[in-house]
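The values are calculated or read from the model by the stated rules, or taken from the named source; none is laboratory data. Just so we're clear, the structure is a prediction, and the values are computed from it rather than from any experiment. Because the Cβ atoms are built from the backbone with ideal geometry, glycine has one as well, and the counts that use them run over all protein chains shown. To get the accessible areas, we keep the full protein, side chains included, count just its heavy atoms, and leave off ligands, DNA and RNA. Shrake-Rupley method; radii C 1.70, N 1.55, O 1.52, S 1.80 Å.
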Amino acid sequence: MTDVTSRIETEIKSQDVVVFMKGTPQFPMCGFSGQVAQILNYLGVPFKGVNVLEDMEIREGIKAYSQWPTIPQVYVKGEFVGGCDITREMFQSGELQQLLSEKGIATNTAAA
């Protein structure tokens, strides 16, 4: 296991919901990262944002790790969920709320 893989796995395991994103949850640096942060904030789900713009090794490493070419990337309890489009579609259909519930992560039920 490479050093970057180890660092990525440490990040993924550090919190129930982790988003590898451009920018931070408070200040997303691209629209797609902003949409994911907005959805999770709307649901009241605490999440950790990992700013890939601050670390090129993580930025490239996460793409290889997940075999997914784009950022943002959403992980729930260590499991790769998808990027912005998948997260948005799951949210709109209720699948995201169901997944979070199944994983024991509370959401703002008024938003669900």
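Descriptive notes on the structure:
- Taking amide H as placed 1.01 Å from N in the peptide plane, K103 has no amide H partner under 5 Å among residues 5 or more places away or on another chain.
- Per residue, the accessible area of the range 19-103 comes to 51 Å², computed with a 1.4 Å probe over protein heavy atoms only.
- Length gained when the stretch E9-E102 is fully extended (0.36 nm per residue, less Cα-Cα span): 31.3 nm
- Ordering of 31-41, 55-65 by packing [mean C-beta count within 10 Å, highest first]: 31-41, 55-65
- Taking amide H as placed 1.01 Å from N in the peptide plane, V50 has its amide H under 5 Å from the amide H of V19, F20, M21, each at least 5 places away in sequence or on another chain.
- Accessible carbon and sulfur surface of the chain relative to its total accessible area, %, 1.4 Å: 50
- Between the entries (i) 7.1; (ii) 7.9; (iii) 6.3, the label attached to mean projected area of the Cα convex hull in nm² calculated for this structure is (iii).
- Based on C-alpha pairs under 8 angstrom that are at least 6 apart in sequence, the chain has a relative contact order of 30 percent.
- Potential extension, K48-D85 segment - 0.36 nm per residue separation minus Cα distance: 11.4 nm
- Taking other residues whose beta carbon is less than 14 angstrom from the beta carbon of E60, and scoring Lys, Arg as +1 and Asp, Glu as -1, yields 0.
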